[in-house]
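Engineer: The structure is given below, and queries will be raised subsequently.
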Amino acid sequence: MNRLLIKGGRVIDPASGIDGLFDVYAVGGKIAAVKPNLSTPAPDSQSDGWNIIDATGLIVCSGFIDMHTHLREPGYEYKETIKTGTMAAAAGGFTSIACMANTNPVNDNASVARYILKKAAEEGAVNVFPVGAISKELKGETLAEIGELKDSGCVALSDDGRPIVNSGFMRLAMEYAKLFNFLIISHCEDTGLAPDGVMNEGFISTKLGLRGIPNAKEDIMVARDIALAELTGGRLHIAHISTKGAVELVRNAKQRGLLNISAEAAPHHFTLTDEAVMGYNTNAKMNPPLRAKTDIDAIKIGLKDGTIDAIATDHAPQNIDEKDVEFDKAANGIIGLETALPLSLRLVDEGVVSLNTLVEKLSANPAKILGLSTKGSLANGKDADITIVDLNMEWVVDVKKLKSKSKNTPFNGWRMKGMASKTIVAGKVVYEG
């Protein structure tokens, strides 16, 4: 039987209220015990059948969960595959990822969801949880096979990459999703406002002569979806929040007692402003776009006060041929699984959040939002998905060394601090940094 002992690390498990020097025992892929670190621990030898990891000076926490990943398979394997995407996740310290439905064919029925799960079981380095489409073919016209998607193992519904434009249809989707206790992850964008915009509307877009996207494009749809969540009682999660107004809308909703609403922020949206687009850098083109410093500041406050529940990567691989073109024609998105941890740790260094809060937003909260009851904690009986973090490891991002198949990142050459030392899934080490 698989037996693992992680000795002497600082164990941080917000879900269990643990923060201190402990030893973590895992047997058969499950957490067996978390005990105070002892000077003479038992067992003490590999001959006892234990895999012993010395975590002295390191952080040990429940495995990170990215609730917003694009794996691109099936259909776009030239950008990313389940194998390469999960390898990138493991390298970033993520033990579980939720993959979006905008594949080809779209994950709007049981057969596609089962294909993803089968492929992940065969080739995946980490746990993969499919997110089913809200609408068939992401067209926003006809509901996907919601019951089938639930039965086949999907953990949420989303047309991410495209918004649900019709309010009546979004209401219907929320009502049906509620019947199956399905979370809806909403891509909030009013497509009728600045439909040709390619970056944040402001001084930089004017300077570069590029068509802008105003904050209102996101704010309008966030307000609508909150109103529909209040109307229907359905569970709503706001994806990749990027504007000050959207943060305020979510905060106000929570203050009014709407407990069925949650939100996530991506590291690039609390790290980079639209100035990163200077030089027409297509690796800084994404949707929603990089915003202004006032928006970054608002996101940081939202992370600090609990308005924003989770940090998610929105890992969006794009082939070089789709990025090495004129800015207007370039595809949206950046890869993010391997840079999310050090970028997020900057929040701790800046005093925005505590290390405990950061771990909570990367593990316990995503598990709770997605309903992954066996994950997000190091409590006895939970899955032995564990991330060991070296806070002091300094490294430079080199796209040639990243595990992701695509290399579209604006962080190439950045000096980072902090990385996953080991990533453990079901008690087995799947990555060593």
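Engineer: Tell me, please, whether a residue that is within 18 Å of Ala253 (Cα to Cα) and touching a residue at least 12 places away in the same chain (Cβ under 8 Å) can be found in region 201-216. Working first, answer last.
Structural biologist: Within region 201-216, the first condition is being within 18 Å of Ala253 (Cα to Cα), and the residues that meet it are 216.
After this cut, where a residue has to be touching a residue at least 12 places away in the same chain (Cβ under 8 Å) as well, the list is 216.
For region 201-216, residues within 18 Å of Ala253 (Cα to Cα) and touching a residue at least 12 places away in the same chain (Cβ under 8 Å): present.
Engineer: Does region 282-291 contain any residue that is charged (D, E, K, R) and over 15 Å from Ile213 (Cβ atoms)? Walk me through how you get there before you give the answer.
Structural biologist: Step one: filter region 282-291 for residues charged (D, E, K, R), giving 285, 291.
Now restrict to residues that are over 15 Å from Ile213 (Cβ atoms): none.
Among the residues of region 282-291, not one is charged (D, E, K, R) and over 15 Å from Ile213 (Cβ atoms), which makes the answer no.
Engineer: Going by the conditions given, is Ile204 surrounded by 15 or more Cβ atoms within 10 Å (Cβ to Cβ), in the same structural domain as Asn287 (by TED's automatic domain parsing) and assigned to a strand (DSSP E or B)? If you could, list the steps in order and put the result at the bottom.
Structural biologist: Working: surrounded by 15 or more Cβ atoms within 10 Å (Cβ to Cβ): yes; in the same structural domain as Asn287 (by TED's automatic domain parsing): yes; assigned to a strand (DSSP E or B): no.
When the stated conditions are applied, Ile204 does not pass them.
Engineer: Take region 169-196 and flag every residue that is in contact (Cβ under 8 Å) with a residue 60 or more places away in the chain and in contact with a Lys or Arg (Cβ under 7 Å, 6 or more places away or on another chain).
Structural biologist: Of everything in region 169-196, those that are in contact (Cβ under 8 Å) with a residue 60 or more places away in the chain and in contact with a Lys or Arg (Cβ under 7 Å, 6 or more places away or on another chain) turn out to be Leu183, Glu189.
Engineer: (1) crowded, with 24+ Cβ neighbours inside 10 Å; (2) touching a residue at least 60 places away in the same chain (Cβ under 8 Å); (3) of a type in the set (Val, Ile, Thr): which one isn't true of Ile311, the others all being true?
Structural biologist: Status for Ile311: all satisfied but (2).
Engineer: What single numbered condition from (1) farther than 26 Å from Leu402 by Cα; (2) β-branched (Val, Ile, Thr); (3) outside the structural domain of His237 (by TED's automatic domain parsing); (4) outside any loop (DSSP other than H, G, I, E, B) fails to hold for Val112?
Structural biologist: Tallying (1) farther than 26 Å from Leu402 by Cα; (2) β-branched (Val, Ile, Thr); (3) outside the structural domain of His237 (by TED's automatic domain parsing); (4) outside any loop (DSSP other than H, G, I, E, B), Val112 fails exactly one: (3).
Engineer: Pick out the one residue from Glu189, Glu148 that is surrounded by 15 or more Cβ atoms within 10 Å (Cβ to Cβ), of a type in the set (Asp, Glu), in the same structural domain as Asp309 (by TED's automatic domain parsing) and more than 22 Å from Asp225 (Cα to Cα).
Structural biologist: Values: Glu189 fails: more than 22 Å from Asp225 (Cα to Cα).
The match here is Glu148.
Engineer: Considering (1) surrounded by 24 or more Cβ atoms within 10 Å (Cβ to Cβ); (2) within 16 Å of the chain's Cα centre (by Cα), say which one Lys285 fails and leave the rest.
Structural biologist: (2)
Engineer: Okay, next question. What tally of residues in region 54-69 results from selecting those that are out of contact with any helix residue (DSSP H, G or I) (no Cβ under 7 Å at 6 or more places or on another chain), farther than 16 Å from Val430 by Cα and not in a loop (DSSP other than H, G, I, E, B)?
Structural biologist: 3
Engineer: Any idea which of (1) surrounded by fewer than 23 Cβ atoms within 10 Å (Cβ to Cβ); (2) basic (Lys, Arg); (3) not in a helix (DSSP H, G or I) is the one Lys118 doesn't satisfy?
Structural biologist: Evaluating Lys118 over (1) surrounded by fewer than 23 Cβ atoms within 10 Å (Cβ to Cβ); (2) basic (Lys, Arg); (3) not in a helix (DSSP H, G or I) leaves (3) as the failure.
Engineer: Any idea which of (1) hydrophobic (A, V, I, L, M, F, W, C); (2) in contact with a Leu (Cβ under 8 Å, 6 or more places away or on another chain); (3) under 20 Å from Glu175 (Cα atoms) is the one Met221 doesn't satisfy?
Structural biologist: All conditions are met except number (2).
Residues are listed down the side, and each one gets a yes or a no for (1) farther than 23 Å from Gly257 by Cβ; (2) modelled with pLDDT under 95; (3) of a type outside the set (Lys, Arg); (4) in contact with a helix residue (DSSP H, G or I) (Cβ under 8 Å, 6 or more places away or on another chain):
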position	(1), (2), (3), (4)
Ala144	yes, no, yes, yes
Asp160	yes, no, yes, no
Val165	yes, no, yes, no
Leu208	yes, no, yes, yes
Leu228	no, no, yes, yes
Gly233	no, no, yes, yes
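Engineer: Let me ask another. Answer yes if at least one residue in region 270-289 is on the phi > 0 side of the Ramachandran plot, of a type in the set (S, T, N, Q) and assigned by TED's automatic domain parsing to the domain that holds Asp349, and no otherwise.
Structural biologist: Step one: filter region 270-289 for residues on the phi > 0 side of the Ramachandran plot, giving 279-280.
Next, from what is left, pick out any that are of a type in the set (S, T, N, Q): none.
No - not one qualifying residue is present in region 270-289.
Engineer: Given the conditions (1) closer than 18 Å to His315 by Cβ; (2) more than 22 Å from the chain's Cα centre (by Cα), and given that Thr69 satisfies all but one, which numbered condition is not satisfied?
Structural biologist: (2)
Engineer: All but one of (1) surrounded by fewer than 18 Cβ atoms within 10 Å (Cβ to Cβ); (2) in a helix (DSSP H, G or I) hold for Asp295; which doesn't?
Structural biologist: Going through (1) surrounded by fewer than 18 Cβ atoms within 10 Å (Cβ to Cβ); (2) in a helix (DSSP H, G or I) one by one, Asp295 breaks only (1).
The values are calculated or read from the model by the stated rules, or taken from the named source; none is laboratory data. As the structure is a computational prediction, the values presented were derived from the model and not from experiment. Please note: Cβ atoms are built from the backbone with ideal geometry, for glycine as well, and neighbour counts cover all protein chains shown.
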